[in-house]
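Participant: Please see the structure below; I have some questions.
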Amino acid sequence: MTNIKDFMRMEAQSIINASNKINLNEIEQILDLLQDCKDNNSKLIVTGVGKSGIIAKKIASTFCSLGIMSLYLNPLDALHGDLGI
């Protein structure tokens, strides 16, 4: 059985591994795009199906809390004309 210290070491190593894969240029571009959305009153559309859709709804809500107009769009609805939102 793995004890809590081993578990915490594994989690810490996972964070280190993830940090080594981060591309700072891409993150900077994403942040610039989000700032542009906020500055230009653009809408950010977030989409997903199933569990990822639930997460997308939460992300859209969080962006709204940050002052970035954002909404969730079910991709199946988008196929039937809801892209006009």
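The values are calculated or read from the model by the stated rules, or taken from the named source; none is laboratory data. Computed from a predicted structure; not experimentally measured. FYI the Cβ positions are ideal-geometry reconstructions off the backbone, even for glycines, and counts take in every protein chain you see. Just so you know, the surface numbers come from the protein's heavy atoms only, side chains and all, with ligands and any DNA or RNA stripped out. Shrake-Rupley method; radii C 1.70, N 1.55, O 1.52, S 1.80 Å.
Participant: Please work out which residue is modelled with the lowest pLDDT, limiting yourself to region 40-82 and to residues that are open to solvent by 60 Å² or more (accessible area, probe 1.4 Å) and touching a Cys at 6+ places or on another chain (Cβ under 8 Å).
Facilitator: Only one residue tops the list, namely LYS43.
Participant: Looking at region 22-34, which of the residues that are over 15 Å from the mean Cα position of the chain (by Cα) and either open to solvent by 100 Å² or more (accessible area, probe 1.4 Å) or acidic (Asp, Glu) (or both) is modelled with the lowest pLDDT?
Facilitator: LEU24
Participant: Which condition does CYS37 not pass, out of (1) open to solvent by 70 Å² or more (accessible area, probe 1.4 Å); (2) touching a strand residue (DSSP E or B) at 6+ places or on another chain (Cβ under 7 Å), if it passes all the others?
Facilitator: The failed condition is (1).
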